[in-house]
Structure formats: C-alpha cells, structure tokens
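*Asks:* Following this message is one structure expressed as structure tokens.
The values are calculated or read from the model by the stated rules, or taken from the named source; none is laboratory data. In this text, all values refer to a predicted model and were calculated from it rather than measured experimentally. Here the Cβ positions follow ideal geometry from the backbone for every residue, glycine too, while neighbour counts run over all protein chains shown.
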C-alpha cells in the first residue's frame, strides 16, 4: 500500500465506524475511539503524534504535568558547558497543531475496570486504550540521608533534566582545583545505562578544559560493570589520565548513606568526602503505574513483548523507562529515549489493530544510544530485535558497541560525537514536532 | 485502493489493517528516530534519506551489512535486517521527495566552497543535483553530515572503497572540506 492509499484507507475506516459500533464495544456514539496518553516525554509524545498521524480521526488526549519538556539525553553536556539547556527543550504546540488534545495536568489514578484516569484537578477522563509513559520516579529512601528536598536544593541528582542540571553545573564550576566530584550510581536497572559514566566524562572534560587538573572524579557504583565500559575506559585513559576513578560494587562501591552537611558518601565499609556530591538514587516506574498495580516486585511494569500491552491489565500499553521490556535470554531493552520511541510506535500499531479488531502487526524494536566522552569523542551502542516463532529475539549478529581498536579511531569518534547531536534534533522532532 | 473497496475489505474482516501495518512503513518508521519523519532530517549531522536514488540506498545498506563499507553506526543496525527488508526500505525512501534543507551557512565559506569544486563537479555538478541513478543528490543536504562524510574519504585509515571520492577528498584541506560541504548544502 502506498502512503496515499493508506491514508484513504484510514479515512475509510473512520467512515465505517458506525458499522463497527455494532460489534465493537470501544466505539462510541460519535464514532470516535478515545486514546489517552499519560506522560509527555519521548514515549508519550511520539505515541500521541503517531496515533494522530496514522489515524487522524482518533480522539487522542495527552496528559502532561509540565508545559516544557527537557530532554535528558545530552543534558550531561549542559553540566560541562558543551551544550545549552534551551536546545534540549520542547513544547507541546507541535502536537496540538496535529490535533492532539493536550491537557496540562497530573494523572493521579487509573481505574482499569472502568477505563478511566483521574487528574489532580478532579477531572476524570475515559479511554478505550491507554498509553502509559510515566517514566521513572526516585526511591530516595534507597540512600539513607538523601531526600527529595535535598535533591531540589544543595544536592541535585540531575537525573531528570531541568533546574537541577543547572545547579549541578554551577557546583562544578565553583569546585576548586584539587576537589573531588563524586557520582553515586544506584543498582540497575536505571534509566540511561551509560548516563553516570558519560556524566563523569563530561565533568572531567570541564575540569581539564579549565585547568583544574588536580581534581578527581570518583564514581561509586552499586554495580560491577556498566554500559560501554571498554569504550569509556579507553576514552578516560586517552583524555583524562587517572582523573576518573570507578569503584565497582564488589570493591565496596555501593553508597548506602550520605551526610548532606559534610557531603560525605558512606559505603558499607568506607567513607568518601566530596566537594560536589551527585547522588543518583534508585529508580522505579512512575508512581502512577505502581499505584495502579501495574508493577512487579522490582517496581517495573511488565508488558507483552510484541505489543507493549501491560501483562497485568488489558487495554493499557506501557512504554518507555517505566516498563521492563525483554528479559534474559532476550537482551532487555535499555531505558533510553530511542527505545521509548520505538516501543511507542509498536504500541501505536497494536492499539490501531485492536481498535480495528485485527491482530497486532509485526513489531520492530531498535535502540541506538550515543555517548560523548570528550569533545569530538563519541560512541554508541546499538540493539536490534526481531520476532522469530512468535517470540522477541535479540539479533545477536547485529548491534553491539562501536569499535574499540581501529586504525580510524579519531575519525570514528568524531563522526559519532557529531551524530549524537543530529540524533537529538531528529528524535525531538520525531516526538514533538 | 479506493475508499469503497477499503470499506468492503474492512467490513469483510480480511485483515487489511494488519496487512497495512505489517507493511514496510512500520519498519521505516524506526528510521525516523535518527533520519527525521519520513526520512527528511532536521538534524544537521544526520543525512536526509528521503528521495535518495534507490540503487544508491540499496548498495550502501547492503555494503554496510556485509561490512565491505565502513560505517560508524549503520552497519551494526543493518546486520539485523534481511536483504529483502533492506531492498524494501530502499524502495520506500527512494519514493519520497528529496527536500533540500535551508541552513544557516557562512557566506564566505560557501564562496570558498564554490572555488574548491574542481574535484567534485564531475559527479555532483556545481548544483549538487543527481547526475545518474547512483549518485546521491547533495543539494541542500545537511552541511554537518556532508563534512563528516567527507572525513571518511579524507582519512586513509578509514579505507573507503570509492577511489574517486578518496582521491578527491584526500587532496582537500580541512577548511576546504567544510567549504565544499557548505557550498553544496547551500544549493536548492
């Protein structure tokens, strides 16, 4: 089918809606199915946009707390002064122009039996299909002594981009030469698996670039390995000598407690005093998902791997950081913007099929994630999945990380540092424009 | 497919919708993340792929997949797709319209680029429009991408297979590479 024909077909489906109502409980008197999207990050925005793009007559409502979204990808570059936060911002007028009804409010509860979502303002919205893209919330209790108040004050985690990103940037700039910048990494899974290590790299890039070469960046990690480890270690050695030190969980790297007054991080057996203390607390799925009973014992939403529909509750599709998608032996999808966007596109296909009483189409999942470890020094990891025998398979022959040993090293790193910037522009436009 | 036929197909429950969604579009939509909606990029370092010649798209994707062509990222992606899917993607994006992008460019550099075209014109002309079924148009392609792509040919260590491009790019200085990229990017 060509694009034009497909559009005609979708129009035709809408015209056919009254007939559909005879045997389809989700169709309403006005012939419109209502799809509600909760959460306007990458996953939610792209779901709302593609629903409207592929089925213009659908009634699509997006509920989002904030009027401006700030991309987490490339926010570490803001901390180091290599990027600006305004380039990470997107509003919702693009979606509104496409006919998405954007409601600036907070979804507080889901009643899956009645198929309604209640908002903070007291409004209740009904849905035929619900896309839940709530992202993550932080478990501050996971690090004794750390609180949300501290995060919004002197000790930003800056793991949701915005005002905290700029506070952390200021703290870095004020740090004297010879100071210690500590980043604490929670047990996985957490959003943006290479994020803490890219942050360490960007902090080191700032320090080196400003002649503060006696300073130290200490990563206290609850885990024993990390995303793109070989690539990061090569970059650190190449650009920063021994400025960055990584302490794995097995070497007592897990931070269990902090003293905010003295900026000291405590592990089980040791203590580390910081000049800048950047605590990244453990995460779980956005609270609305947990309150609706959609999460497992680890705090994440389980889904049908081929459709993204919640495995707990029918007619709710969970996309993005909140879901746990794929498990061993299938390589799980990382919690990245790129993964969220492809998951949302799959959910859109599945929802349109459900509304039409058809089986879900073949899903295509892919992830591409760039990190910038130094100026002109970027690299990536790629994941490709496919369906085989009705199951989601991680394509072992594809994917993986950028080459580590290659004669074309500096050119390769320069290319991918450049691509990271273009990637952001396009994924922002794919989601919000 | 006419509207009436579509309605009939739909009501008869022939699975037309599922078929439509199974089409190449669902796969092609995953390309949008990096290359822009329907392959029209808005990211200065990412190439637009809408409207590139089908033969060019097919060749580069198959070469990336097999590893005979250097790539930073694409090879790792394409190894996950069948040759048929690659051919379908090439046909899909070749059918889209080529959209030159208006870009902020340094005028002096564009002028320098115009004087540095000697080694480029034979294949890309002075307007960057395609000359045959295999040469990609570069008029209004993103300058950032064109510059990065030229580095692949400029750096001997990368070992690109196109000897003409390699020979031409090797002889240009970094500022000329940027200037030529800006020049073609400025063409409508």
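*Asks:* Quick check: anything in the stretch A:127-138 more than 30 Å from residue A:353 (Cβ to Cβ) and free of Cβ contacts under 8 Å to residues at least 40 places away in the same chain? I'd like the intermediate steps shown before the answer.
*Replies:* Just the residues of the stretch A:127-138 that are more than 30 Å from residue A:353 (Cβ to Cβ), to begin with: A:137-138.
Checking which are free of Cβ contacts under 8 Å to residues at least 40 places away in the same chain leaves us with none.
No: the stretch A:127-138 contains no residue that is more than 30 Å from residue A:353 (Cβ to Cβ) and free of Cβ contacts under 8 Å to residues at least 40 places away in the same chain.
*Asks:* I'm checking my understanding of the structure. Among residues of the stretch A:318-341 that are in a helix (DSSP H, G or I) and within 18 Å of residue A:194 (Cβ to Cβ), which one is farthest from the other protein chains (Cβ to nearest Cβ)? It would help to see each step written out before you state the result.
*Replies:* Of all residues in the stretch A:318-341, those in a helix (DSSP H, G or I) come to A:320-322, A:337-341.
Next, from what is left, pick out any that are within 18 Å of residue A:194 (Cβ to Cβ): A:320-321, A:337-341.
Numbers: A:320: 14, A:321: 16, A:337: 9, A:338: 6, A:339: 10, A:340: 10, A:341: 5 Å.
Only one residue fits best here, namely A:321.
*Asks:* Ok, one more. Return the pairs, sorted by first residue and then second, in which the second residue is not in a helix (DSSP H, G or I), the first residue lies in the stretch A:86-100 and is without any contact (Cβ under 8 Å) to a residue 12 or more places away in the chain, the beta carbons are less than 7 Å apart, and the residues are 6+ apart or on different chains.
*Replies:* A:96/A:102
Residue-by-condition table, conditions (1) touching a strand residue (DSSP E or B) at 6+ places or on another chain (Cβ under 7 Å); (2) within 13 Å of chain A (Cβ to nearest Cβ); (3) in contact (Cβ under 8 Å) with a residue 40 or more places away in the chain:
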{"position": "B:67", "(1), (2), (3)": "no, yes, no"}
{"position": "B:70", "(1), (2), (3)": "no, yes, yes"}
{"position": "B:105", "(1), (2), (3)": "no, no, yes"}
{"position": "B:109", "(1), (2), (3)": "no, no, yes"}
{"position": "B:117", "(1), (2), (3)": "no, no, yes"}
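*Asks:* Might you check whether a residue that is part of a loop (DSSP other than H, G, I, E, B), in contact with a helix residue (DSSP H, G or I) (Cβ under 8 Å, 6 or more places away or on another chain), on the phi > 0 side of the Ramachandran plot and surrounded by fewer than 23 Cβ atoms within 10 Å (Cβ to Cβ) occurs anywhere in the stretch A:300-309?
*Replies:* Looking through the stretch A:300-309, none of the residues is part of a loop (DSSP other than H, G, I, E, B), in contact with a helix residue (DSSP H, G or I) (Cβ under 8 Å, 6 or more places away or on another chain), on the phi > 0 side of the Ramachandran plot and surrounded by fewer than 23 Cβ atoms within 10 Å (Cβ to Cβ).
*Asks:* Checking residue B:12 against (1) more than 10 Å from chain A (Cβ to nearest Cβ); (2) at pLDDT 95 or above: exactly one of these is not met. Which one?
*Replies:* (2)
Condition check ((1) within 14 Å of chain B (Cβ to nearest Cβ); (2) assigned to a strand (DSSP E or B); (3) at pLDDT below 95) across all residues:
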| residue | (1), (2), (3) |
| --- | --- |
| A:11 | yes, no, yes |
| A:44 | no, no, no |
| A:52 | yes, no, no |
| A:78 | no, no, no |
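*Asks:* Scan (1) closer than 27 Å to residue B:78 by Cα; (2) at pLDDT 95 or above; (3) within 14 Å of chain B (Cβ to nearest Cβ) for the single condition residue A:351 breaks and write down its number.
*Replies:* So residue A:351 meets the others, but not (1).
*Asks:* Does any residue of the stretch B:177-188 turn out to be at pLDDT below 95, over 21 Å from residue B:62 (Cα atoms) and part of a loop (DSSP other than H, G, I, E, B)?
*Replies:* The first filter runs over the stretch B:177-188 and keeps only residues at pLDDT below 95, leaving B:188.
Remaining after also requiring over 21 Å from residue B:62 (Cα atoms): B:188.
Next, from what is left, pick out any that are part of a loop (DSSP other than H, G, I, E, B): B:188.
Checked against the condition, which is being at pLDDT below 95, over 21 Å from residue B:62 (Cα atoms) and part of a loop (DSSP other than H, G, I, E, B), the stretch B:177-188 yields at least one hit.
*Asks:* Which condition number in (1) free of Cβ contacts under 8 Å to residues at least 12 places away in the same chain; (2) farther than 20 Å from residue A:207 by Cα is the one that residue A:154 fails?
*Replies:* Unmet for residue A:154, out of (1) free of Cβ contacts under 8 Å to residues at least 12 places away in the same chain; (2) farther than 20 Å from residue A:207 by Cα: (1).
*Asks:* A further question follows. Among the numbered criteria (1) surrounded by fewer than 23 Cβ atoms within 10 Å (Cβ to Cβ); (2) within 8 Å of chain A (Cβ to nearest Cβ); (3) at pLDDT 95 or above, which single criterion is violated by residue B:26?
*Replies:* Condition (3) is where residue B:26 drops out.
*Asks:* Quick one: which residue in A:399, A:378 is outside the structural domain of residue A:236 (by TED's automatic domain parsing), within 22 Å of residue A:244 (Cα to Cα) and either at pLDDT 95 or above or in contact with a strand residue (DSSP E or B) (Cβ under 6 Å, 6 or more places away or on another chain) (or both)?
*Replies:* Details: A:399 fails: within 22 Å of residue A:244 (Cα to Cα).
Criteria check complete, one pass: A:378.
*Asks:* How many residues are within 22 Å of residue B:153 (Cβ to Cβ) and either touching a residue at least 40 places away in the same chain (Cβ under 8 Å) or more than 7 Å from chain B (Cβ to nearest Cβ) (or both) if we restrict to the stretch A:415-430? If you could, list the steps in order and put the result at the bottom.
*Replies:* If we filter the stretch A:415-430 for residues that are within 22 Å of residue B:153 (Cβ to Cβ), which is where we start, we get A:415-422.
Applying the additional criterion that residues be either touching a residue at least 40 places away in the same chain (Cβ under 8 Å) or more than 7 Å from chain B (Cβ to nearest Cβ) (or both) yields A:416-421.
The total comes to 6.
*Asks:* Residues to consider are A:155, A:150; find the one that is within 24 Å of residue A:192 (Cα to Cα), surrounded by fewer than 20 Cβ atoms within 10 Å (Cβ to Cβ) and either touching a strand residue (DSSP E or B) at 6+ places or on another chain (Cβ under 8 Å) or not assigned by TED's automatic domain parsing to the domain that holds residue A:348 (or both).
*Replies:* Working: A:155 fails: surrounded by fewer than 20 Cβ atoms within 10 Å (Cβ to Cβ).
So the residue among A:155, A:150 that is within 24 Å of residue A:192 (Cα to Cα), surrounded by fewer than 20 Cβ atoms within 10 Å (Cβ to Cβ) and either touching a strand residue (DSSP E or B) at 6+ places or on another chain (Cβ under 8 Å) or not assigned by TED's automatic domain parsing to the domain that holds residue A:348 (or both) is A:150.
*Asks:* Taking the stretch A:362-394 as the region of interest, how many residues are within 21 Å of residue B:70 (Cβ to Cβ), within 7 Å of chain B (Cβ to nearest Cβ) and in a loop (DSSP other than H, G, I, E, B)?
*Replies:* Qualifying residue count, the stretch A:362-394: 0.
*Asks:* If you don't mind, another one. Given the criteria in the same structural domain as residue A:44 (by TED's automatic domain parsing) and either at pLDDT 95 or above or over 30 Å from residue A:178 (Cβ atoms) (or both), does residue A:274 qualify? Don't jump to the end; show me each part of the working.
*Replies:* Values: in the same structural domain as residue A:44 (by TED's automatic domain parsing): no; either at pLDDT 95 or above or over 30 Å from residue A:178 (Cβ atoms) (or both): yes.
In short, no.
*Asks:* Could you say whether any residue in the stretch A:396-413 is within 24 Å of residue B:66 (Cβ to Cβ) and part of a strand (DSSP E or B)? Write out each step before concluding.
*Replies:* Restricting attention to the stretch A:396-413, the residues satisfying the condition of being within 24 Å of residue B:66 (Cβ to Cβ) are A:396-409, A:411-413.
Then keep just the ones that are part of a strand (DSSP E or B); that gives A:400-401.
The answer is yes, given that some residue of the stretch A:396-413 is within 24 Å of residue B:66 (Cβ to Cβ) and part of a strand (DSSP E or B).
*Asks:* Taking the stretch A:396-413 on its own, how many of its residues are facing another protein chain (nearest Cβ under 7 Å), surrounded by fewer than 20 Cβ atoms within 10 Å (Cβ to Cβ) and in contact (Cβ under 8 Å) with a residue 12 or more places away in the chain?
*Replies:* 1
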